[in-house]
1. Tally the residues that are open to solvent by less than 70 Å² (accessible area, probe 1.4 Å), of a type outside the set (Val, Ile, Thr) and within 19 Å of the chain's Cα centre (by Cα), restricting the search to segment B:66-92.
2. Please go through segment A:223-261 and pick out each residue that is in contact with a helix residue (DSSP H, G or I) (Cβ under 8 Å, 6 or more places away or on another chain), surrounded by fewer than 16 Cβ atoms within 10 Å (Cβ to Cβ) and in a loop (DSSP other than H, G, I, E, B).
3. Might you let me know whether segment B:41-52 holds any residue that is touching a Phe, Trp or Tyr at 6+ places or on another chain (Cβ under 6 Å), exposed (fewer than 14 other Cβ atoms within 10 Å of the Cβ) and more than 30 Å from B:VAL308 (Cα to Cα)?
4. Between B:LYS59, B:LYS109, which is part of a helix (DSSP H, G or I), modelled with pLDDT under 90 and within 14 Å of another protein chain (Cβ to nearest Cβ)?
5. I'm told B:SER386 meets every condition in (1) in a helix (DSSP H, G or I); (2) free of Cβ contacts under 8 Å to residues at least 24 places away in the same chain; (3) over 29 Å from B:SER244 (Cα atoms) except one. Can you identify the failing condition by its number?
6. Considering each residue of segment B:326-365, count those that are open to solvent by 30 Å² or more (accessible area, probe 1.4 Å) and under 21 Å from the mean Cα position of the chain (by Cα), and give that number.
7. On the given criteria, is B:PRO318 within 14 Å of chain A (Cβ to nearest Cβ), touching a residue at least 12 places away in the same chain (Cβ under 8 Å) and open to solvent by 10 Å² or more (accessible area, probe 1.4 Å)?
8. Has segment A:166-188 got at least one residue that is in contact with a His (Cβ under 7 Å, 6 or more places away or on another chain) and modelled with pLDDT of 90 or more?
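The values are calculated or read from the model by the stated rules, or taken from the named source; none is laboratory data. What you see is a predicted model, and the numbers here were worked out from it, not measured in a lab. Heads up, the Cβs are rebuilt from the backbone with ideal geometry, glycines too, and the neighbour counts pull from every protein chain shown. Heavy atoms of the whole protein, side chains included, go into the accessibility calculation; ligands, DNA and RNA do not. Shrake-Rupley method; radii C 1.70, N 1.55, O 1.52, S 1.80 Å.
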Amino acid sequence: MNSYNPIIYLSVFFVLVVLLVLVFNTRNGVYFTYLKTKNATKKTAVEDILKLLYHNDRFTEADIIEQLEYSHGLIESCLLKMLSKQLIAKESHFVQLTDEGEEYALRIIRAHRLWEKYLSEKTGFHKKEWHDRAEQKEHELSDEELDQLAKLLGNPKFDPHGDPIPTKSGKIVQKKGTDLSRLPVHSIGKIIHIEDEPAAIYKEILAQKIHLHSQIKVIESNEQIVVFEAEGVVFKLTPVVAKNITVQELDPENILDVNNSRLSNLKINETATIIGISKESRGENRRRLLDLGFVKGAEVRINLVNPLNDPTAFLIKGTSIALRKDQSEKILITKNIGNENNT
Amino acid sequence: MKELEEFDKIIALSNELRWQIGDDFHDDLTEAIYADAAKIVKKTVVQNSQKGTLGIDAKIDNIVTSKIWGFPLMLFLLGFVLWLTIIGANYPSAMLSSLLLDIVHPFLKESTAAIGFPWWLSGFLVDGVYLAVAWVIAVMLPPMAIFFPLFTLLEDFGYLPRVAFNMDSLFKKSGAHGKQALTMSMGFGCNAAGVVATRIIDSPRERLIAIITNNFSLCNGRWPTQILLATIFIGAVVPESYSSIASLAAVVGIAVLGIFFMFFFSWALSKTVLKGEVSTFNLELPPYRTPVFWKTIYTSLIDRTLIVLWRAIVFAAPAGAVIWLICNITLGDESIAAYLVHSMDGFGFILGLNGVILLAYIVAIPANEIVIPTILMLTVMVTGISAGSGSGVMFELDSVSATADILKAGGWTLLTAINVMLFSLLHNPCSTTIYTIYQETKSLKWTVVASILPVIAGFIVTFLVAQIWRIIF
């Protein structure tokens, strides 16, 4: 005990803490970097090149090296291997997929999108994590696991971003629609796809709480700004961001009541009728809302406001149910006009 | 064979058709069923009035969820329940302990001696097993018998869901469910009961959070430790006229610190290991109703108090045996207990504790109630001062100052007391709670996490306090 000095103990402790943080930091810690490099085998690189080529027609070797984060040497050796296995063919400078290569690429895309669907339906991971997790998992799933996954999810057609999922036999739905920045003013459309790459733009779309499958009406659209209304909320986007949202113009018979709004926009003493639950509410959450009676045609009204503003208690089918804001904004309503204050 | 082929064809066709129908099919079907059911209900079920919107319910709701009255009312009620529990339990506890410890214990000792039990058998059974069980009953039963019925009454009346409603946005910030406010409060009574109460949270992620962090609620078994140490050591550093206020503030401070740790670990868990678990939210606010008083009292005694007490007894009995054994089996020239105490002294010193305290917390895993008696007994044994009634026999003293003398003889300082108070808040749950956590989660992994996490927090906090204290003073 004679040599005891609290300052030394304290410093040793802080050094240990700093070391642990360096090793286990999720972003660039030694441990996770190690895991990543361990996983970055040739197989992964080959599959990533296949995906890249599937989405981009006229790519040269230089383009591939620029787009992917692998080392120069690894990509070159991968390309050689792919050439010998006839997954790709070279036409002058351009690298192109053969039929076999395309089949393989579709399998990886299927794995990626199925896994995203799985994450959205069966787990609690946040939206912004789906893509990165699927990027890892797509290389790990075997054919058998993919079939099981598809079966578990009921052979879904689209992933949670609205991208089509290729079938086992390589069929893929071709989606129509244009990007939001090109939809003319006053026209009414429906959001059918939200692109999750690049991450920065996706983050902005998420922050604005724009929902897949919501019906939109363009108010203003020019080089500087795209303004549109959806679910009773007005959104303003720059055209760069709007380009990452795909919409489909709606035929007049498919247009919902233009007065549709989110339940979160309901005010005290207003009553409303539910038209449905947004596609953004998924899995267990969606089923729970249905179980509680938030179904088409049900009447709803605010029962209690919280002292801290969230959650709000709604009166539905004679029961008072409290929902958080992120739930109530995924329930669509039309406000009943003319019967306010009738209680 | 041919039939099988036909089957396969049909299945393939159905898969194909299903795919053509599209993703919305399932949802549309479900929604249609619900909508039809709603229509049928509307036609056939007559509702006599729009309940819950008018009258007394709305008036109560407007008060208990109002900006001005909501939170003070809540704090007042929780404080009142806790106060009533702690104060009210003193008398029956004193009666029980004088009966079980001062009358029955000597009687058992004498009668076993009279029928000719060897000393080690009567020591093992009476001083070890019986004493631990008696202690747990005397300290645990009265507060639980007061706390749980009060809590259940509030629950039956319909007030508690409103508390969850008011508190939700605070808990949401740390990734938890508003109902965790209730399981946390229940934990102030007993962590095992708090863990069972998390069944009201029906979202998997939030429920696990509530289970793992329930131990940060200072339970009934730990309040007496806090109060005793605060009275002896914290009360002594301020002028005498303020001493009771200072010690009260210290105890409340520890409980509040526990709430802080609960929020912190809820947040940390929801952002790391639990972020993949499914998370949903819903909270029903049922109409108020007059509780069925006697029925409530009866069921809360049976369902909560007795079950928890039984589990505690089951775990306390072997602990008593172990305590007696380690004190009475000698290796070389010292008992196992003395050997363990000495070998842990160094580590204990770094944490601002000592070997006696660490050993007491290890052998007292079954019940926090026996920590102080064990500490006293071990201190007397190690220091060799004369008090208590022999090695392996737990005891407690009626006078606070006599207790203080023994602890000070054991080398306790203000730092030791503060760190024991902190460690009492931040250490592994008792074995009853650990077992209950396993029962509720059915997962070894989460049971281990829930058991280890608070100890690590306790080591870090006491370590930091000890070093900083020694640098400053």
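1. Residues meeting the conditions: 5.
2. Across segment A:223-261, the qualifying residues are A:GLU223, A:GLN224, A:ILE225.
3. Restricting attention to segment B:41-52, the residues satisfying the condition of being touching a Phe, Trp or Tyr at 6+ places or on another chain (Cβ under 6 Å) are none.
No, that holds for no residue.
4. Values: B:LYS109 fails: within 14 Å of another protein chain (Cβ to nearest Cβ).
The conditions single out B:LYS59.
5. The one condition B:SER386 does not meet is (1).
6. Qualifying residue count for the region: 2.
7. Working: within 14 Å of chain A (Cβ to nearest Cβ): no; touching a residue at least 12 places away in the same chain (Cβ under 8 Å): yes; open to solvent by 10 Å² or more (accessible area, probe 1.4 Å): yes.
In short, no.
8. No - not one qualifying residue is present in segment A:166-188.
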